[in-house]
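Beneath this line is the structure, given in structure tokens, with notes to follow.
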Amino acid sequence: MGKRSAALAERIELGAAALASYAEGLSEVQWRKVVPPDGRTVGIIVHHVASVYPIEIQLASTLAGGQPIAGVTWQGIAEMNAGHAKEHATVGKEEALALLRKNSKVAAEAVRALPDEALDRAAPVSLNGDAPLTCQFFIEDHALRHSFHHLAKIRSALGA
């Protein structure tokens, strides 16, 4: 385990814990509130964050191995998110929080296992116009940022 990998993993855990802690205190009405302009409910968004950790880590691992991320587009992500929202429209708080805790822990463990030199490997990322991004940037911009990003949007929607 590298020093930077450990720091990234801790920040992934911090974001997931902040989102989980906030969501735990929500009422059923708040859990079902639609978050503008996103259009998904708070519950769906929390479950979404939890469910994409494995994908984010798989893609980061691709970069850690020096391989490009190809074929991933924002349109594809939008379609995936829309399908997820339909499939999990009635997701309960306990189910979503359990998945958030489980998947964020697995994600953090995977990042901890990366040697620091793997964080510096860069390869083209189709999601970003084939810009050669480092594994560390990808982790920070996806698995790490994701929970903080959605927590801020949820808080704003709920006026908190």
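Values computed for the structure shown
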quantity	calculated
Test: SER147 is assigned to a helix (DSSP H, G or I), in contact with a Gly (Cβ under 6 Å, 6 or more places away or on another chain) and either of a type outside the set (A, V, I, L, M, F, W, C) or surrounded by fewer than 15 Cβ atoms within 10 Å (Cβ to Cβ) (or both)	yes
Members of the range 130-144 found to be farther than 12 Å from GLY66 by Cα, outside any helix (DSSP H, G or I) and aliphatic (A, V, I, L, M), listed by number	ALA131
When residues of the range 34-61 are limited to those that are aliphatic (A, V, I, L, M), in contact with a Lys or Arg (Cβ under 8 Å, 6 or more places away or on another chain) and over 18 Å from GLU13 (Cβ atoms), the one surrounded by the fewest Cβ atoms within 10 Å (Cβ to Cβ)	VAL34
Every pair of residues 6+ apart whose Cβ atoms lie under 6 Å, when the first sits in the range 146-157 and is of a type in the set (Asp, Glu) while the second is surrounded by 16 or more Cβ atoms within 10 Å (Cβ to Cβ) and at pLDDT 95 or above	none
Cβ pairs under 7 Å, 6+ apart, first in the range 1-24 and touching a residue at least 12 places away in the same chain (Cβ under 8 Å), second aliphatic (A, V, I, L, M) and outside any helix (DSSP H, G or I)	MET1/ALA113; GLY2/LEU114; SER5/LEU114
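The values are calculated or read from the model by the stated rules, or taken from the named source; none is laboratory data. Source: prediction; values computed, not measured. Positions of Cβ are generated from backbone atoms using ideal geometry, with glycine treated the same way; all protein chains shown enter the neighbour counts.
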